[in-house]
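We did not get these values from a lab; they are worked out from the coordinates using the rules stated. Quick caveat, the model's predicted, so the values are computed rather than measured. Using ideal geometry, Cβ is built from the backbone for each residue, glycine included, and neighbour counts are taken over all protein chains shown.
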Amino acid sequence: MARQGVEIKKAEGKLGVLLVGLGAVSTTFVAGVELIKRGLAHPIGSLTQIGTIRLGKRTDGKTPKIKDFIPLTQLEDLVFGAWDVFADDAFEAASKAGVLENTHLQPIQETLHALKPWPAAFDKNFVKKLDGTHIKKGTRRELADQVIADIEQFKKENGCDRIVTIWCGSTEVYKEVGPAHQSLKAFEQALDQDDQSIAPSMIYAYASLKLGFPFANGAPNLTTDIPALLELAQETHSPISGKDFKTGQTLMKTILAPGFKARYLGIEGWFSTNILGNRDGEVLDDPESFKTKEASKLGVLDTILQPHLYPELYGNLYHKVRINYYPPRGDNKEGWDNIDLVGWLGYPMQIKVDFLCRDSILAAPLVLDLVLFSDLAKRAGLKGIQEWLSFYYKSPMTAPGLYPEHNLFIQEMKLKNTLRFLMGEEQITHLGLDYYEQ
Ligand SMILES: NC(=O)c1ccc[n+]([C@@H]2O[C@H](COP(=O)([O-])OP(=O)(O)OC[C@H]3O[C@@H](n4cnc5c(N)ncnc54)[C@H](O)[C@@H]3O)[C@@H](O)[C@H]2O)c1
């Protein structure tokens, strides 16, 4: 029996997509959308474009495509803007990032050249390995005002009412919540006082949320995970989500670990190491940026394996994550995992994973989905933390006091059930006893 859904405003007109950082991930995302729009590529990896959703009973045979089920913005209606600390346009930035081949960049050359970043709100203390030259000047309050002005001008020039801002910028140094982050009032005072504990990523988030637009965070920085910006998101009815796109090695981890756990296999050790040679790898070579990433990568196993419930299986798990900057590989990361498993009667076993992945190729479809779903959330009247988007993140944001869900399959179910809820369709519980009733 269908229930009443939620009223969702139509996706009319253009949706402005504002990318903070125009590096490997952003340019691979924009180029991909432009190629797909022209029928020159397939949106592989994107749940919104390829995914289907079962409605009703298995015997009903109803499995529409997600994009035909819920009112999402069409790719033709996306318009892009960006900020970066380098002035390279999207074509130059994509060429330098070296993810896509010329055969993919040439057909969309003009469109990519036309995407020129605005100067960035930047502070080298937050990304030690970057020497940006294309940057705004002023106090933190003045930077926030300039970012707000960029957004408003972009909106006007492109005739769009709706905007989503997504952080695809470098990973900032590790920070914990401080006094300036505790409330919106304290945060706004801190902006006025040019308080150094306000990270550049927080300035973009503040600007976007202040205007009532969703903000998504693709890196592990603290950014919106502070009381002040949670308060602002509530006040302006803006959806937020984060943190850190779940792509290569952590994606594998959250696919494999739930399987071992489901079979009650013990794990003694999980050693993960990576080599990568893109700019992201260079930034992460700085111990303070690495610390932010490490915290994000280490968190996943504990909540999946629940060592407090299974001390005999996971109580002594040694989990280690390393990232090594190795320029020859560029964006083509290699991630190794050695997993020391324990079976029946304590007999040891090992699994080795060697994932030769492409970082930005894995991340780009996540950017697309997050943009479209953040906009959907806004049109559906959802505000604050969007936990149903945990599926996309290594370090999902949750309400205070709630542990995050890391299991990819539970995250997927949560996402699809949220879509069913929004559209007034029944939740799927997988109980299925009714198929056997005589
Ligand atoms: N590719 C993946 O699989 C993946 C997965 C998870 C997270 N991430 C994160 O996504 C982010 C982007 O990754 P990438 O490979 O595109 O990195 P990248 O280095 O190619 O691009 C990041 C861009 O952000 C810019 N930047 C830095 N600080 C800025 C600021 N304050 N304002 C505006 N621009 C700023 C940099 O100049 C750079 O061009 C990184 O933080 C990375 O850790 C990527």
Simple SL model, points at 7 angstrom along Cα→Cβ for Asp161 and Glu235; separation in nm is 2.4
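In which sequence would Cys357, Cys168 go, from the one with the fewest C-beta neighbours within 10 Å to the one with the most?
Cys357, Cys168
Note the full-extension length gain between Lys352 and Ala149 as 0.36 nm times their separation in residues minus their Cα-Cα distance, in nm to one decimal. Numbers along the way, then the final one.
Values: separation 203, 0.36 × 203 = 73.08 nm, distance 5.07 nm.
Extending this stretch completely gives an extra 68.0 nm.
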Per-residue ellipticity at 222 nm attributable to helices in the chain (runs of n ≥ 4 DSSP H, -39500 (n - 2.57) apiece, nearest 500 deg cm²/dmol) works out to -11500 deg cm²/dmol
With R₀ set to 45 angstrom, the calculated FRET efficiency between the beta-carbons of Leu265 and Lys65, to the nearest 0.05, is 0.80
Once normalised by the length of the chain, the mean sequence separation of its alpha carbon contacts under 8 Å that are 6 or more apart gives a contact order in percent of 20
Counting only backbone N atoms under 16 Å from a point 7 Å out along Cα-to-Cβ of Gln306, the residues of segment 402-426 in range are 402-411
Projecting the Cα atoms of Leu370, Asn125, Pro43 onto the charge dipole of the chain, where Lys and Arg contribute +1 and Asp and Glu -1 at Cβ, the residue farthest towards the positive end is Pro43
On each of the three principal axes the extent of the alpha-carbon atoms of the chain, given in whole Å and largest first, is 65, 51, 50
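Give me Tyr325, Tyr347 sorted ascending by neighbouring Cβ count inside 10 Å, so fewest comes first.
Going from least to most buried by this count: Tyr347, Tyr325.
How big is the dipole moment of the chain about its Cα centre under a simple scheme where the beta carbon of each Lys and Arg is +1, that of each Asp and Glu is -1, and everything else is neutral? Debye, nearest 20, please.
For this selection, approximately 740 debye.
Under a Cβ-only charge scheme (Lys and Arg +1, Asp and Glu -1), can you give me the dipole magnitude of segment 248-356 about the Cα centre, in debye to the nearest 20?
The calculated dipole for segment 248-356 is roughly 220 debye.
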Expected sort for 237-246, 10-19 on mean C-beta neighbours within 10 Å, highest first, is 237-246, 10-19
Contact order relative to length for segment 248-356, counting C-alpha pairs under 8 Å separated by 6 or more residues, stands in percent at 40
